[in-house]
Protein chains: 2
Amino acid sequence: MAEPKENVLMEKIVSLCKRRGFIFQSSEIYGGINGFWDYGPLGAELKRNLRDAWWHSMMREREDVVGLDASIIMHPMIWKASGHVDTFADPMSTCKHCKKLIRADQWWPLMCEQQWTQSLAALTEPVTNRFNTGDLLKWAKGRGKQLAPNLALVRNPEVTISWLVQEAEKGKHPADAREFYLYLATEQLGATGFITPCPHCGGELTEPRPFNLMLQTHYGPVATDENIAYLRPETAQAIFVQFKNVFDSSRVKVPFGIGQIGKAFRNEITPRNFTFRSREFEQMELEFFIRPDEAVEALHGSVATVPSQGHPGEPQPNWGWQAWHQYWVEERVRFYENIGLPRATLGFHIQQPNELAHYARATVDILYKFPFSKEEDGEVKGDELEGIAARGDFDLSQHEKFSGKPLGVFDEEVRAAWAKLPDARKQAMREEFIEAKTRTGIDKKKLTPADAAEAARKEADAFFEKLAKGQFVPHVIEPSAGLDRLTLALICNAYSEVTKTDDKGKSETTVVMKFHPRVAPIKVAVLPLLKNKPDLVKKAQAVRDLMRPWMNVFYDDGGSIGRRYARQDEAGTPFCVTIDFDTLGEKPDLLDTVTVRHRDDGRQERLTIGELLNWLLARVR
Amino acid sequence: MAEPKENVLMEKIVSLCKRRGFIFQSSEIYGGINGFWDYGPLGAELKRNLRDAWWHSMMREREDVVGLDASIIMHPMIWKASGHVDTFADPMSTCKHCKKLIRADQWWPLMCEQQWTQSLAALTEPVTNRFNTGDLLKWAKGRGKQLAPNLALVRNPEVTISWLVQEAEKGKHPADAREFYLYLATEQLGATGFITPCPHCGGELTEPRPFNLMLQTHYGPVATDENIAYLRPETAQAIFVQFKNVFDSSRVKVPFGIGQIGKAFRNEITPRNFTFRSREFEQMELEFFIRPDEAVEALHGSVATVPSQGHPGEPQPNWGWQAWHQYWVEERVRFYENIGLPRATLGFHIQQPNELAHYARATVDILYKFPFSKEEDGEVKGDELEGIAARGDFDLSQHEKFSGKPLGVFDEEVRAAWAKLPDARKQAMREEFIEAKTRTGIDKKKLTPADAAEAARKEADAFFEKLAKGQFVPHVIEPSAGLDRLTLALICNAYSEVTKTDDKGKSETTVVMKFHPRVAPIKVAVLPLLKNKPDLVKKAQAVRDLMRPWMNVFYDDGGSIGRRYARQDEAGTPFCVTIDFDTLGEKPDLLDTVTVRHRDDGRQERLTIGELLNWLLARVR
């Protein structure tokens, strides 16, 4: 199993990130801390630009979304209501010998990475996994003793091998590579079946048990169970919990959204892929609250149907959850396109009914094809940047139940429309409602048909009684994006190498970070041709000061212009402005003009200082 | 002790903050969580504007500061090196009866707030604190039993009172109100002296013990002592820890700074004064690294002296730490002035030698006069917004020591200058160095003069040996500001009430939030005169869309213009733009003009739509 080619690229990217100050390992001088990362000067600017782009597109360019900035530590009951205390867990096994923990779904990838499995695979027949007892014995007493000291085959080679032979005589062979390792870890089959070997030492793993991913702390003077608090594993819950406060204090009407950017924490067992899966990360989440379809139908006679693909256009009053969901998926793709991730770099994962939680109606994940993204069935689908979920009224209803505070809204239009609806229509809607809820009860909550129907009827009673009064708990569409993942995607997408051969045939490869000007950490570099000519310097500083209030400008007077261009290419600066003797009027008709050099193709053009700011603003905003 | 007047104002501010969506209690629907706060739509915008203003003034308007965005959870050894594990603690007492915890320095303020102390003060002679045994007995058996059930006087009134009388006969009277309460809590004086009463129940408090203020968590699969982590109590340490990475990856030279904005956590025992003292908060910290004075002297012959007051002007190469410290104090005051906090609203606290830590050379706190700020010696000094500390090389040196990684820099200019320095000069500098360090050793570290001199000589050897090679650990000036405190200061400063009386003599008081346009959450409101005239609406939306890419615009078509103005006054929007029939050309010479109404004085002026954007930009940026 050779190092895959993509990892060479990731290594280059990680190394550039450190060298140029995009991303450092957290606490590096203390040996680092696994799963935590720091953003250096360029990374901090890049991240800021992404936050700003998201906030701008969500809050400022729209009428129907407002912001929130909530605390990371919230009341612990919130995580009970959201289900995180009970179910936000990974199944984990412990090795009974070396005590390491293994996430059940990562057992096989970890096994594949180990030297001992690789040496065994080389030794045995890889397709059929049949074994030669002599080879196995030799391995167990030599290489195996070093690499997997707690494997049954190593601890008791004769016993294990004779058992393997016995099993083989009964016609029991391992079916594939995975099963082969289970055989080698087992001395003899007891009541519990095969033993799963620890990837690290070959020892016996326990059955997987749920391991909660929330980081815990205590606040207040004493650390007791009563003042346990969690570092939020997502920013979304704060939005639900503050829904009423925001609704009551802002001039908003359903449909509307609340957006938030902030840190969240998950105690990932095996953080990996650079910043992609880390323990501390930043989210950009929107909860967009809409009327339930029944209210839309009462108001508009029907719920609009939308094509299953493509942007459904400007929001319409007769949209139900499907149109809104589709709309937000397409809006988010537009956002990515606008900051330099073309659709072709993205992938989509539409969650299948069996993947969806009982309250979820649909979820579409937007993926990015990272260098470490795995090929599946012949294509690279990518890894998740953002999930857009239609979550019904689950979240607000849960918090209503757990807090005892009503979180519904009153909608006079709905009340009036409902009153005018013919009874037959009301009855039909009720029946549809019950049918859908019964189906979910059977399929997802595993209720008996009778129990599911009974529960659905009760829910319908409560729902329609309220709706008749114009009251409902809004439903929600949730576009939830990861800021660190997006930052990494942009870095990977921007990374490119250019090899130039000079006159003497010497070739040099340099890195050009092709960030979209909207997100580039530095927008423009101002470069006086020479630093020892006061007139050039003075002019260059004047140009710099002209741009500074409007964008991040970098002033550089060190080294040759070529070297300075190369430095800016590595930083991803889209434009370099050079102040030369023509700027000072050496050629009179070029007085007060500058050279603008384009990062991506090296093209240069001459602009007047007077037009420069607007020229740049049009490109970097 | 009546409710002080200022608290009435604070109550109004807290109430406005909730009503208009500036600040909500975190997790309010679950009863809240003490010491945590959420920012609603207007608060989130205000805070964003402040972050941007700080970042802009630090990173973009200067050449010599770069940014960092580090993780909240870092390697635990960092907090050992910084001293936080050992000394970041408040002295705390526990009540042996009710188990409540009291911060030692808050015992007296808490006592003053209690009903039982107030009723006792009313009962006894307030100045001399002499007592009447009859009154005390009656109180102990009645009111006292309810309010302070664990006070010695209440539990054993006869015994305590007879002891008090005995003491009085010996001529021992309480000296003041504080001592009076110690007497009442003590049955008879044992070896331990007086008993300190719990403010809540009158019970006995333990001796104060240090209580660490860092919030703890565990990362990784098992919660053991080895994977304890702390939520950072300040953002500064990340800057020191990443100093070398930033230095090596950015084109910076000492003097330069690294700035960071981010969350920090302190387990405050008694969070108070709204968001002023909370458990989760955001900091804006700059670490500005400078050459040690000895290097400056070697380079420039002497270290510049600066006037002890006022702005020392543009940075000069011959500045030592005092000039830089003075400079940053004045730069930060300028920053506050620029966002609408005039110098008169600020206070200053210059830490006295006995307040300074052994490594600190000077610290100036910038205070704001909050409505809850206490009067001391006849004047309100205010409460801390920001501290500007000259910390020498303490932080980098500590991390050098604990990490084993060199954190110094090499400075060719210093090496060259040192080589040319006459020996007598070197010797004189060395003697001064030793003298200063010896003084600190005696005064601050409490060493004997001989030990202090010995330690100072050793330090001098190491320091000057390195300096001769052009190597040194930079010294640091640290302006450290609290974002939540600043947000609260701006809200308090903006709050004003206007009372208008109409023709019928009916008066109404409304709130005007007079934010500086630079920080106001909404910069401009666009108001069509009527919402049912499509031409007006269309024109108003066009004006809105013109402003939107550049600033936060609010569009409002609901209610009378007067009511809409009032709503914007409460939100602190500096400008309202009204689109009326003249805009559409009813008076031809007013075609495409709008009315701009100023928040603070209600003044109105007519501008063309063409000039509006630049007019606004000039005011809001």
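The values are calculated or read from the model by the stated rules, or taken from the named source; none is laboratory data. Computed from a predicted model, the values in this text were never measured in an experiment. Reconstructed Cβ throughout: ideal geometry from the backbone, glycine too, with neighbour counts over all protein chains shown. We work out accessible area using only protein heavy atoms, side chains counted, and drop any ligands, DNA or RNA first. Shrake-Rupley method; radii C 1.70, N 1.55, O 1.52, S 1.80 Å.
Across region B:166-251, Cα-Cα pairs more than 18 Å apart make up 68 percent of the total.
Annotation: the antiparallel percentage among DSSP beta bridges lying fully within the protein assembly as shown is about 85.
Building the convex hull from the alpha-carbon atoms of the protein assembly as shown and averaging its projection over directions returns 66.2 nm². Scanning chain A for the beta carbon that comes closest to the axis linking it by rotation to B yields A:T217, 2, distance in whole angstrom. If you model region A:412-472 as an ellipsoid using its alpha carbon gyration tensor, with each semi-axis the square root of five times an eigenvalue, the axes come out at 26, 11, 8 Å, biggest first. Heavy-atom surface analysis with a 1.4 Å probe gives chain B a carbon and sulfur content of 50 percent of its accessible area.
Take the Cα pairs of region B:432-513, get the Kirkwood Rh, then feed it into Stokes-Einstein at 4 °C and 1.567 mPa s and tell me D in µm²/s.
D, rounded to a whole number, is 71 µm²/s.
Shielding of B:207-215 by partners, i.e. mean partner chain Cβ atoms within 10 Å per residue?
Values: counts 0, 0, 0, 0, 2, 0, 0, 1, 6.
Across B:207-215, the average partner-chain Cβ count within 10 Å equals 1.
Built from the Cα atoms of region B:375-441, the convex hull projects on average onto 9.0 nm², one quarter of its surface area. Seen from all directions on average, region A:33-148 presents a Cα convex hull projection of 14.6 nm².
Measuring nothing but how far apart in sequence close Cα pairs (under 8 Å, 6+ apart) lie, relative to its length, chain B scores a relative contact order of 12 percent.
Classify region A:248-401: rounded, prolate or oblate, from the alpha-carbon gyration tensor (a ≥ b ≥ c, eigenvalue square roots; a/c under 1.5 rounded; otherwise prolate if a/b is larger than b/c)? Working shown, then result.
Working: a/c = 1.88, a/b = 1.47, b/c = 1.28.
Because a/c hits 1.5 or more and a/b exceeds b/c, region A:248-401 counts as prolate.
Phi angles across region A:278-290 convert, under the Karplus curve 6.51 cos²θ - 1.76 cosθ + 1.60 with θ = phi - 60°, into 3J(HN,Hα) values of 10, 8, 10, 8, 10, 10, 10, 10, 10, 10, 9, 8, 10 Hz, Gly and Pro given as x. In region A:89-210, a dipole from Cβ-located charges (positive for Lys and Arg, negative for Asp and Glu) runs towards its positive end, and of A:Q146, A:A104, A:P208 it is A:Q146 whose Cα lies farthest in that direction. The same position A:T509 in the other copies lies at 7.3 nm from this copy, comparing label points 7 Å beyond Cα toward the beta-carbon, shortest first. Distances between placed amide hydrogens fall under 5 Å for A:R277 paired with A:R272, all partners being 5 or more residues away or on another chain.
Given the Cα atoms of chain A, and with Rh set as the inverse mean 1/r over their pairs in the Kirkwood sense, what is Rg to Rh to two decimals?
Values: Rg = 30.3 Å, Rh = 28.9 Å.
Dividing the radius of gyration by the Kirkwood radius yields 1.05.
Look at the stretch A:39-50: the mean tally of other chain Cβ atoms within 10 Å of its residues' Cβ atoms is 6.
Taking N as the number of residues in region A:395-534, what is its Cα Rg relative to 2.2 N^0.38 Å? Present the calculation step by step, with values, prior to reporting the outcome.
On the way: Rg = 30.5 Å, N = 140, 2.2 N^0.38 = 14.4 Å.
Output field value: 2.12.
Between copies, the label points of B:K145, set 7 Å from Cα on the Cα→Cβ line, lie 8.3 nm apart, reported in increasing order to one decimal in nanometres.
How much accessible area per residue does chain A have, counting only protein heavy atoms and a probe of 1.4 Å, in square angstrom?
On the way: 27240 Å² over 621 residues.
Using a 1.4 Å probe on heavy atoms only, each residue of chain A averages 44 Å².
Find which of A:V543, A:A481, A:T583 sits farthest along the positive direction of the dipole of region A:462-589, computed with +1 on the beta-carbon of Lys and Arg, -1 on that of Asp and Glu, about the Cα centre. Going by the charge dipole, the pick is A:A481.
If packing is taken as the mean number of other Cβ atoms within 10 Å per residue, what is the order of B:546-555, A:564-573, highest first?
Details: B:546-555: 18.7, A:564-573: 21.7.
So the peptides B:546-555, A:564-573, ranked by packing, come out A:564-573, B:546-555.
Tell me which DSSP H helices of chain A clear both cut-offs, 24 Å or more of axial length from alpha-carbon atoms and a mean Kyte-Doolittle hydropathy of at least -0.5.
Working: long enough: A:321-338 (25 Å, -1.42); A:423-443 (30 Å, -1.19); A:449-468 (28 Å, -0.38).
Membrane-span-like by this criterion, though nothing is claimed about a membrane: A:449-468.
Applying a 4.7 Å cutoff between beta carbons, the unpaired cysteines of the protein assembly as shown are A:C17, A:C112, A:C492, A:C576, B:C17, B:C112, B:C492, B:C576. Each of B:P271, B:N49, A:F289 was scored by the projection of its Cα onto the charge dipole of the protein assembly as shown, and the greatest displacement toward the positive side belongs to B:P271; charges sit on the C-beta of Lys, Arg, Asp and Glu.
Classify region B:108-176: rounded, prolate or oblate, from the alpha-carbon gyration tensor (a ≥ b ≥ c, eigenvalue square roots; a/c under 1.5 rounded; otherwise prolate if a/b is larger than b/c)? Don't jump to the answer; show the numbers that get you there.
Details: a/c = 1.80, a/b = 1.19, b/c = 1.51.
Oblate.
Residue by residue, region A:343-355 carries 3J(HN,Hα) couplings of 3, 5, 7, 9, x, 10, 10, 9, 5, 7, x, 6, 8 Hz when phi is fed to the Karplus relation 6.51 cos²θ - 1.76 cosθ + 1.60 (θ = phi - 60°); x denotes Gly or Pro.
For region A:374-386, putting each phi into the Karplus relation 6.51 cos²θ - 1.76 cosθ + 1.60 with θ = phi - 60° gives couplings of 7, 7, 10, 6, x, 9, 8, 7, x, 10, 5, 9, 7 Hz, in residue order, rounded to whole numbers and with x for Gly and Pro. Relative intensity of region A:522-620 on a log10 scale, I(q)/I(0) at q = 0.20 Å⁻¹, equals -0.96, per a Debye sum over C-alpha point scatterers of equal strength in the absence of solvent. Taking a ≥ b ≥ c as the square roots of the eigenvalues of the alpha carbon gyration tensor, region A:235-280 is prolate, as a/c is not under 1.5 and a/b beats b/c. Relative to the Cα centre, the charge distribution of region B:412-472, modelled as +1 at Lys and Arg Cβ and -1 at Asp and Glu Cβ, gives a dipole magnitude of about 100 debye. Antiparallel beta bridges, as assigned by DSSP with both residues in chain A, represent about 85 percent of the total such bridges.
Quick one: dipole size for region A:89-210, taken about the Cα centre, charges +1 on Lys/Arg Cβ and -1 on Asp/Glu Cβ, in debye to the nearest 20. Walk me through the intermediate numbers first.
Working: 14 positive and 13 negative charges, 78 e Å.
For this selection, approximately 380 debye.
Amide H contacts of A:A229: A:T217, A:H218, A:Y219, each under 5 Å away and 5 or more positions distant or on a separate chain (H built 1.01 Å from N in the peptide plane; Pro and chain starts excluded).
For a straight C-alpha distance cut-off of 23 angstrom, the lysines reachable from B:K444 (same-chain residues fewer than eight places away being disregarded) are B:K80, B:K401, B:K458. Note on B:19-27: average number of Cβ atoms from other chains within 10 Å of each residue's Cβ is 6. Considering helices alone, the calculated mean residue ellipticity of the protein assembly as shown at 222 nm is -11500 deg cm²/dmol, with DSSP H runs of length four and up weighted by -39500 (n - 2.57) and normalised per residue.
Each principal axis of region A:89-210 carries a Cα extent, and these read 42, 30, 26 Å when sorted largest first.
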